[in-house]
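Asks: Take this structure, written in structure tokens, and hold onto it; I'll ask about it next.
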Amino acid sequence: MMLRRLYSKKLTILLLVASLLLGSFYFECDSASIPGLDAPVNEYNVLVLLNTYDRDGARLVNYGYKHGTNWISYYSSDDRLIDSLDTVVHEEFHDYSVVGLDDERMYMGKNKSIIVPYTPIFRSKEMTRSVPVRCRTSRFSTYISQPISNLASNVQGAYGMLNEFLAYRWGLNNNLAMFSYYDRFPDNMTTWGRFVADGVSNRLAYAEFKYYILHYLYYAKRHHPRVYRQIMANEKFRKAYAKGERDFAKSIRNFELCLGAVQQKLQLQGYNVIFTEEAFIVTNKLGVGSGLSLLNDEYSTLIEEMEKTKYKSIQKALQR
């Protein structure tokens, strides 16, 4: 879906669609007990938000809580309660996935997981020079070309990159789940700016890590054919990738609908909102405001790259 087309949707349609798409994330809680945007950042308030709005995120974070993970440390000293919530869910997916030396547990939603056994790999850093410069986006150096020691996306090859891919998938899921929470507060960029920024960042990660995985397998097919054959023969890997990729893509479509809904909500409050493929810019009647990049240059570049036959054939094989 092209972002430019979204802002032409009518408010009633967008809000109805957003409500239908997001309704499954919400379960009842006494509204008086739900912490506000400026509530203290502590474990209790984080768990209240997750248990109220994001059932899957709550399962991951409660798992970490029961196992003594210090996930509150992912917050900075000046963060609001909502500011690092998707990061907490993301990181707790990683903690949840660690079950042994020879496999990883991929949380797939609704309290279901897939245990993915490892097969031989090569380190992802090896493929650095084969990645075109135009495809070396903001996370490329961190996860592929210059990773820190023992980073899973490097030392576990395609398995580590799948783990990261799904962690960002649950980060975006959390962004969407919190839509109803943001909607409790005044419609301005103080409220909605974090929703837009976090969603855009997680949206880009979909294109980045899908591309990294497909390129890794393409490189393996050419330079490490045995590694390629064993990964592609790994039914659990294919199953986790196929479902995760499908669910992540659906979340992106939902997020794009929500961006249109946010635009309309802000316009009803008298803000001028410019919503293009590249930016989400909000100003008041005095022309004062802020803008957020939608990172669409990087996103579109990778999406277009993956339309090449060499990647589409691997994508098809992963979905069989």
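What follows draws every value from the coordinates through simple rules; no lab data is involved. Values in this document were obtained by computation on a predicted structure and should not be read as measured data. Note that each Cβ is placed from the backbone with ideal geometry, even for glycine, and that neighbours are counted across all protein chains shown.
Asks: Highest GNM mean-square fluctuation, the chain, Cα pairs closer than 10 Å: which of D187, D54, D102?
Replies: Highest fluctuation among the options: D102.
Asks: Which of G199, G287, G260 moves most in a GNM of the chain, Cα contacts under 10 Å?
Replies: G287
Asks: For the range 213-320, calculate the relative contact order in percent as a whole number, restricting contacts to Cα pairs under 8 Å that are 6 or more residues apart.
Replies: That works out to 27 percent.
Asks: So what are the radius of gyration and Dmax for the Cα set of the range 63-190, in Å?
Replies: Gyration radius and largest Cα-Cα distance of the range 63-190: 16.9, 52 Å.
Asks: So, one more: If you average 1/r across every pair of different Cα atoms in the chain and take the reciprocal, what Kirkwood value do you get, in Å?
Replies: 20.5 Å
Asks: Cβ under 15 Å from T191's Cβ, T191 left aside: what net charge do those residues give with Lys, Arg +1 and Asp, Glu -1?
Replies: In short, -1.
Asks: OK, next. Which one, N188, N175, N163, has the greatest fluctuation when you compute a Gaussian network model over the chain with C-alpha springs under 10 angstrom?
Replies: Maximum among the listed residues: N188.
Asks: I need S141, S300 ordered by Cβ neighbour count within 10 Å, fewest first.
Replies: Ordered by Cβ neighbours within 10 Å, fewest first: S141, S300.
Asks: Next up: Pulled fully out, how much extra length does the chain show between N51 and I34, if you take 0.36 nm times their separation in residues and subtract their Cα-Cα distance?
Replies: Going from the current span to full extension adds 5.1 nm.
Asks: While we're here: Please say if the range 220-320 is rounded, prolate or oblate, where rounded means a/c under 1.5 for a ≥ b ≥ c the square roots of the C-alpha gyration tensor eigenvalues, and otherwise the choice is prolate for a/b larger than b/c and oblate otherwise?
Replies: Prolate, because a/c is 1.5 or more and a/b exceeds b/c.
Asks: Can I ask one more? Quote the relative contact order of the chain in percent (integer), defining contacts as alpha-carbon pairs under 8 Å separated by 6+ residues.
Replies: 20 percent.
Asks: List, largest first, the extents of the alpha carbons of the range 27-117 along their principal axes, each in whole Å.
Replies: Principal extents (largest minus smallest coordinate, Cα): 44, 30, 18 Å.
Asks: Still on this model: In a shell of Cβ-Cβ distance under 13 Å around V227, excluding V227 itself, what net charge do Lys and Arg (+1) and Asp and Glu (-1) give?
Replies: +4
Asks: Determine the relative contact order of the range 35-133: mean sequence separation of Cα pairs under 8 Å and six or more apart, normalised by residue count, in whole percent.
Replies: It rounds to 21 percent for the range 35-133.
Asks: Given only helices, namely DSSP H runs of n ≥ 4 each adding -39500 (n - 2.57), what is the per-residue ellipticity at 222 nm of the chain, to the nearest 500 deg cm²/dmol?
Replies: That comes out to -17500 deg cm²/dmol.
Asks: Are there any GluC sites (Glu not before Pro) in the range 274-314 that are in a DSSP loop and have at most 10 other Cβ atoms within 10 Å? List them by number.
Replies: Passing both the DSSP loop test and the Cβ count: E307.
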